[in-house]
Amino acid sequence: MSIRPQMPHDSSGSFDLIVRGRRVITPEGERAAAIHIHGEVIAAVSEYDEIPAGCEQYEAGDLVVMSGLVDTHVHINEPGRTEWEGFTTATRAAAAGGVTTLVEMPLNGIPATTSVVGFQEKLRATVGKLFVDVGFWGGVVPGNTEQLAPLWEAGCFGFKCFLVDSGVPEFPRVTEADLRKGFVELAKLGAPLLAHAELPGPIEDAGKRRPANVDQRSYKTWLNSRPRAAENEAIALLLRLGAEYGVHIHIVHLSSADAISQIQQAKQNRARVSFETCPHYLTFAAEEIPDGATQFKCAPPIRERENRERLWAALGDGTIDMIATDHSPCPPAMKQQASGDFLNAWGGIASLQLSLPAVWTEARPRGYSLRHIANWMCEAPARLAGLEKKKGAIAIGYDADLVIWNPDAAFRVDPAHLHHRHKLTPYAGRDLKGIVETTFLRGQKVFERGEFFPSPAGRLLLRGQA
Ligand SMILES: [Zn+2]
């Protein structure tokens with residue numbers, strides 16, 4: 001590793017801010033360094049002591065200085081279901097959690113982002129509300145093939161589809177026939193397809209096997225209703241179609257560890273594929289979820305301990321590329337907490353503000369380093385969104401997005417301190433390691449120890465302009 005300072009040749013020394021610390025996570029590794037920020041970007045990364053006189057400084061000392069997190073899987077639901085979650089609350093939660101870039105999913109808002117008209121409405125709904133930078137995925141639904149090119153031109157980073165019922169009527173699932181139509185277009189555009197990979201067949205079969213008097217408060221009832229086969233078969237179909245049409249397939253929220261061998265096979269064949277899992281699949285285990293605790297419900301479901309450990313191993317060897325939250329809150333009443341009915345509760349886990357400590361708490365005892373975290377939660381997701389030259393790394397020319405955090409400090413999750421709209425979360429009361437102290441967005445401090453400032457400084461990220 002070169003230890004020469006990466007100073008621009010024509011450096012006039014006119015930096016607006018220096019952020020320095022003993023534990024800066026750069027693409028090459030962890031080291032003591034000074035980050036020289038000019039305007040909104042990183043202009044140089046030098047040795048810790050190599051700083052110009054008279055420049056404003058932020059001294060991180062022994063805290064970790066890492067690129068701001070990039071979360072490519074966030075449901076914000078505004079406009080249309082703003083009572084579930086909105087841009088202000090979600091992006092404040094992001095800033096407090098050290099997430100400086102998020103990419104919003106095309107469903108749960110109304111209209112869905114499946115047409116340019118819908119996308120424009122979405123963009124209008126963001127005005128004055130963004131505390132971090134926000135980009136967008138478009139949607140592939142039956143019959144909207146002709147909208148894909150205009151959505152791509154309008155700035156979506158790629159497209160999301162569901163192979164199983166999405167839970168909302170304005171975002172219907174696609175069949176193989178629908179997918180084939182969409183794939184022709186996606187191949188022309190060179191756009192990635194993100195897929196909720198569960199097939200209805202195995203889920204319907206599981207439903208038929210379910211006894212009429214089943215205990216709907218039992219977590220096992222929910223787990224059995226979404227078998228691994230639904231994921232495994234959907235992934236097989238998507239990998240096959242992706243290879244046939246030459247489309248980059250990204251599998252969101254991978255839960256079934258039984259799919260890992262076919263993922264490895266696809267990667268060995270150099271297919272354009274990537275895979276994401278979520279903090280909750282890496283943290284919780286089905287065996288530990290109490291009856292009626294519907295805050296743990298999501299789809300695909302949190303599976304057994306043994307499954308969780310195989311997901312960790314697949315992250316470690318690079319089979320799974322990244323971690324994103326699938327942050328998806330809803331009004332608490334929809335979680336059916338009173339009845340604890342897993343089959344009728346809304347599925348979705350809210351964790352945008354907690355992803356860094358949640359993952360770190362589980363990663364460290366398994367021997368993973370801060371470099372792994374930066375790869376899984378900053379660099380790989382930035383690459384998926386096509387932002388790999390601008391976001392997700394501490395290097396010259398990148399946006400000066402930084403999270404400064406204490407990896408050794410512990411806290412107990414108090415829902416009152418969460419900034420997203422509805423505080424119900426399976427992390428409530430859990431002891432986590434890793435406290436975010438300060439978040440910088442493009443060189444500007446946007447969060448520090450519970451305080452946000454100044455007014456919303458986030459920006460829209462649009463493909464082509466990004
Ligand atoms: Zn999702």
At q = 0.21 1/Å the base-10 log of I(q)/I(0) from the Debye formula over the alpha-carbon atoms of segment 194-239 is -0.68
Determine Rg/Rh for segment 94-175; Rg is computed over alpha-carbon atoms and Rh is the Kirkwood hydrodynamic estimate from the same atoms. 0.99
Spin-label point model (7 Å from Cα, Cβ direction): what's the N224 to E170 distance in nm? 3.7 nm
Computed P(r) (all Cα pairs; segment 238-296; 10 Å bins; percent): 19, 42, 22, 15, 3
Can you tell me the order of 111-117, 324-330 when each peptide is scored by its average per-residue count of other Cβ atoms within 10 angstrom, highest first? 324-330, 111-117
Just to make sure I understand: if all protein chains stay in place, what is the order of H248, H75 by accessible area at 1.4 Å, largest first? H248, H75
Spatially proximal aspartates and glutamates relative to K297 (Cα-Cα < 14 Å; intrachain offsets below 8 disregarded): E287, E288, D326, D341
Looking at the chain, identify the longest residue range that excludes and avoids all trypsin sites (Lys or Arg not before Pro) in DSSP loops having at most 10 other Cβ atoms within 10 Å. 1-269
Ranking request for peptides 338-346, 50-58: highest mean number of other beta-carbon atoms within 10 Å first, then the rest in descending order. 338-346, 50-58
Rounded to the nearest 0.05, what FRET efficiency do E304 and L237 give with R0 = 25 Å and r taken as the Cβ-Cβ distance? Could you check? 0.55
Note to self, the chain gives a 222 nm [θ] from helices alone (DSSP H runs n ≥ 4, -39500 (n - 2.57) apiece, / all residues, nearest 500) of -7500 deg cm²/dmol
With a 1.4 Å probe and every protein chain left in place, tell me how much accessible area S218 has, in Å² to the nearest 10. 20 Å²
Contour minus Cα-Cα span, A177 to S455, at 0.36 nm per residue, comes to 95.4 nm
Obtain the nm distance between the two label points defined at L462 and K389 by a simple spin-label model: each point lies 7 Å from its Cα along the Cα-to-C-beta direction. 1.9 nm
With N denoting the number of residues in segment 353-463, provide Rg(C-alpha) divided by 2.2 N^0.38 Å, to two decimal places. 1.13
Considering only Cα-Cα distances, which of the following residue pairs are longer than 28 Å: K181/K391; K391/K445; K122/K433; K335/K390? K181/K391; K122/K433; K335/K390
Percent antiparallel among DSSP beta bridges with both residues in segment 20-67, to the nearest 5? 70 percent
Note the direction-averaged projected area, equal to a quarter of the hull surface, for the Cα convex hull of segment 191-307, in nm². 7.7 nm²
I'd like the antiparallel share, as a percent to the nearest 5, of DSSP beta bridges with both residues in the chain. 50 percent
Distance between Cα centroids, segment 185-208 to segment 302-331: provide it in whole Å. 18 Å
Using heavy-atom solvent-accessible surface (probe 1.4 Å) with all chains present, what is the largest-first order of S455, S369? S455, S369
Calculated P(r) tail over 22 Å for segment 260-357, as whole % of Cα pairs: 37 percent
State, to one decimal in nm², a quarter of the convex hull surface area for the C-alpha atoms of the chain, i.e. the direction-averaged projected area. 21.2 nm²
Between the modelled labels at E56 and S369 (7 Å from Cα along Cα→Cβ) the distance in nm is 3.3 nm
I need the fraction of alpha carbon pairs in segment 13-116 separated by more than 16 Å, rounded to a whole percent. 66 percent
Please work out the Cα center distance from segment 421-442 to segment 25-59, rounded to the nearest Å. 26 Å
I need the per residue convex hull volume for segment 102-253, using only the alpha carbons, in cubic angstrom as a whole number. 128 Å³
5 Å binning of all Cα-Cα separations within segment 100-146, expressed as whole percents from 0 upward: 5, 20, 32, 23, 12, 4, 3
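The values are calculated or read from the model by the stated rules, or taken from the named source; none is laboratory data. Note that the coordinates shown come from a computational prediction; the quantities given were computed from them, not determined experimentally. Cβ: placed from backbone, ideal geometry, glycine included. Neighbour counts: every protein chain shown. Heads up: the accessible areas ignore ligands, DNA and RNA and are worked out on the full protein's heavy atoms, side chains in. Shrake-Rupley method; radii C 1.70, N 1.55, O 1.52, S 1.80 Å.
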